[in-house]
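Computed from the coordinates by the stated procedures, all read-outs in this text should not be read as laboratory data. Worth saying up front: this structure is predicted, and the values here are computed from it rather than measured. FYI the Cβ positions are ideal-geometry reconstructions off the backbone, even for glycines, and counts take in every protein chain you see.
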DNA sequence: GCGACAG
DNA sequence: ATCTTGTCGC
């Protein structure tokens, strides 16, 4: 049995869900400080091999400051609601290394924030782990029902507005931002149907894993 | 039991 | 997310 299979074997979905319920109580909302540098993180896979990309850009100019890649095996399987336990195997070391070298005022994460069965989606998990303001951006809905209020479509789950639509995207707070703030900032950095740093991170990770097109990221870190 | 189900 | 051929539309 491989190292990865042993890790997958040890992963307990029920314990993971209980951990999310506990950790969700530690989230904070608050308001965003001054934004100068914002990031986007995404992971692409080939089998269990994950390539994480972190792109940092200036705000509001959206000029690329840095782009890093990290290759690592993701052993935990994908289970709806437990995405963080898979993606963090790649994102944690990638983000950890980056934060030792540069500052990030706000991070966009590919996935949901609090629009999650236990209010603790990937963006919330990342924000809490690194004490970093985060916003979750997802292409598909995980929980809740869409409800129009004024000219904005919100996602309501258990009577609470936990996300809002922006074009075809679902935007939800992770850590340190209100939903209104998340919507406003995300709108201001979305240029091609996706927040710019996330679009670049997606492109870089896909290219690195062998998608064919040329990438936009040079720095590659250890695996 | 059945449908829903981020990436 | 990834696998994977052809097809529809600008």
For segment A:113-135: of the residues being assigned to a loop (DSSP other than H, G, I, E, B) and over 24 Å from residue A:67 (Cβ atoms), which is farthest from DNA strand C (Cβ to nearest atom)? A:119
Working carefully through the options A:162, A:171, A:175, find the one that is under 18 Å from residue A:124 (Cβ atoms), free of Cβ contacts under 8 Å to residues at least 60 places away in the same chain and touching a helix residue (DSSP H, G or I) at 6+ places or on another chain (Cβ under 7 Å). A:171
Every residue from segment A:64-80 that is within 16 Å of DNA strand B (Cβ to nearest atom) and touching a helix residue (DSSP H, G or I) at 6+ places or on another chain (Cβ under 7 Å): A:69, A:70, A:72, A:73, A:74, A:75, A:76, A:77, A:78, A:79
Residues of segment A:8-25 classified as within 22 Å of residue A:73 (Cα to Cα) and surrounded by 15 or more Cβ atoms within 10 Å (Cβ to Cβ), total: 3
Just for segment A:70-95: of the residues that are more than 13 Å from DNA strand C (Cβ to nearest atom) and more than 24 Å from residue A:171 (Cα to Cα), which one is surrounded by the most Cβ atoms within 10 Å (Cβ to Cβ)? A:70
Which one is farthest from DNA strand C (Cβ to nearest atom), of the residues in segment A:53-63 that are out of contact with any helix residue (DSSP H, G or I) (no Cβ under 6 Å at 6 or more places or on another chain) and part of a strand (DSSP E or B)? A:58
Any idea how many residues of segment A:81-112 are in contact with a strand residue (DSSP E or B) (Cβ under 6 Å, 6 or more places away or on another chain), within 12 Å of DNA strand B (Cβ to nearest atom) and assigned to a loop (DSSP other than H, G, I, E, B)? 2
Those residues of segment A:101-129 which are closer than 17 Å to residue A:37 by Cα and in contact with a helix residue (DSSP H, G or I) (Cβ under 6 Å, 6 or more places away or on another chain), in sequence order: A:108, A:109
Report, by residue number, each residue of segment A:157-186 that is closer than 16 Å to residue A:110 by Cα and loosely packed, with under 13 Cβ neighbours inside 10 Å. A:167, A:168
Quick check, is residue A:43 within 16 Å of DNA strand C (Cβ to nearest atom), in contact with a helix residue (DSSP H, G or I) (Cβ under 9 Å, 6 or more places away or on another chain), within 30 Å of residue A:184 (Cβ to Cβ) and part of a strand (DSSP E or B)? yes
Lone unmet requirement of (1) out of contact with any strand residue (DSSP E or B) (no Cβ under 9 Å at 6 or more places or on another chain); (2) closer than 20 Å to residue A:80 by Cα; (3) surrounded by fewer than 19 Cβ atoms within 10 Å (Cβ to Cβ) for residue A:120: (3)
Flag for residue A:66 being assigned to a helix (DSSP H, G or I) and within 18 Å of the chain's Cα centre (by Cα): no
